[in-house]
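Single-structure report; data block below.
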Amino acid sequence: MKLTNKQNLPEAFVRAVSKSDYNNFGTLSVTTLLRPPQMVQLEKAHEDEIEEDASDRIWMLFGSANHYVLEKTKTEGDIIEQRLFMEIDGHKISGQLDRLTQDGVLVDFKFTSVWAAIDMNKNGTKKDWEAQLNMLAALVREGPSPDFPQPTALRL
């Protein structure tokens with residue numbers, strides 16, 4: 001993917017949004033599964049041709065920064081920012097939870113635009129956020145170990 005800077009953002013912002021520590025470890029990620037398969041395949045096939053402006057990645061940068069800050073709020077027994085895996089029909093699936101409290105509350109933090117929040121309030125939910133949280137809950141139930149807390153509540 002080619003990163004452009006058509007909005008002339010400061011170079012520090014462009015460098016910040018051009019770096020990503022995301023790694024799905026060669027799996028199908030929960031977020032990939034939420035996207036239309038044809039779109040995923042076309043993006044893979046044309047990765048070198050796709051352009052994205054740095055200004056379109058600002059929310060991603062804010063989300064990463066806020067996740068870093070929220071990691072600092074961990075209380076004893078919480079599981080924070082852990083990638084989980086399971087296999088379904090020979091496919092390795094992964095997803096990263098934001099927080100699982102010791103009493104089983106699975107929390108997925110969202111940092112988004114006001115328009116997404118308005119849409120969520122108008123429609124009662126955002127279907128893709130709800131689906132993502134349910135897939136993460138399935139990964140938690142599979143759990144990396146038998147003593148892993150089981151989800152008792154899901155919260156966006």
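The values are calculated or read from the model by the stated rules, or taken from the named source; none is laboratory data. Remember, it's a predicted structure, so these values are computed and weren't measured experimentally. As a convention, Cβ positions derive from the backbone with ideal geometry for all residues, glycine included, and neighbour counts pool all protein chains shown. Side chains included, ligands, DNA and RNA excluded: accessible areas come from the protein's heavy atoms. Shrake-Rupley method; radii C 1.70, N 1.55, O 1.52, S 1.80 Å.
Take M135, M1 and sort them by solvent-accessible surface of the protein heavy atoms, 1.4 Å probe, largest at the top. Mind showing how you got there, number by number?
On the way: M135 55, M1 105 Å².
Putting M135, M1 in descending order of accessible area: M1, M135.
Using a cutoff of 8 angstrom between alpha carbon atoms and counting only pairs six or more residues apart, the relative contact order for region 84-156 works out to 41 percent.
Where only DSSP H runs of four or more residues are counted, the chain gives -11500 deg cm²/dmol as its mean residue ellipticity at 222 nm, each run worth -39500 (n - 2.57).
A simple count of charges around E52, restricted to other residues whose Cβ falls under 13 Å of its Cβ and scoring Lys, Arg +1 and Asp, Glu -1, yields -4. For I50, I88, the ranking by accessible surface with the largest value first comes to I88, I50, using a 1.4 Å probe.
For region 51-138, what class follows from the C-alpha gyration tensor (a ≥ b ≥ c being the square roots of its eigenvalues): rounded when a/c is under 1.5, otherwise prolate if a/b is larger than b/c, else oblate? Kindly include the intermediate steps, with their values, before the conclusion.
On the way: a/c = 1.42, a/b = 1.26, b/c = 1.12.
It is rounded, given that a/c, with a ≥ b ≥ c, falls under 1.5.
Normalised by the number of residues in region 43-120, the mean separation of alpha-carbon contacts (under 8 Å, six or more apart) gives a relative contact order of 24 percent. Across region 1-138, C-alpha contacts under 8 Å between residues 6 or more apart give a mean separation that, scaled by the residue count, equals a relative contact order of 26 percent. Counting heavy atoms of the protein chains alone, Y68 has an accessible area of about 130 Å² for a 1.4 Å probe. Summed over the residues of region 19-156 and divided among them, the accessible surface reaches 65 Å² per residue at a probe radius of 1.4 Å.
Order of 38-45, 148-155, 79-86 by packing, highest average Cβ count within 10 Å first? Write out the running numbers ahead of the final one.
Details: 38-45: 10.6, 148-155: 14.2, 79-86: 16.4.
Those peptides, ordered most packed to least, come out 79-86, 148-155, 38-45.
What does the C-alpha gyration tensor say about the overall shape of region 1-119? Classify as rounded when a/c is under 1.5, otherwise prolate if a/b is larger than b/c, or oblate. The shape class here is oblate.
Among the lysines of the chain, pairs that are 8 or more positions apart or on different chains and have alpha carbons within less than 27 Å of each other number 24. Measuring with a 1.4 angstrom probe and ignoring ligands and nucleic acids, V107 comes out at about 20 Å² accessible. Annotation for region 87-127 versus region 1-20: alpha-carbon center distance of 27 Å.
Quick one: pull the percent of accessible area on the chain belonging to carbon and sulfur, 1.4 Å probe, ligands and nucleic acids left out. Display every interim value, and only then the final one.
Values: 5460 of 10370 Å².
Result for the chain: 53 percent of the exposed heavy-atom area is carbon or sulfur.
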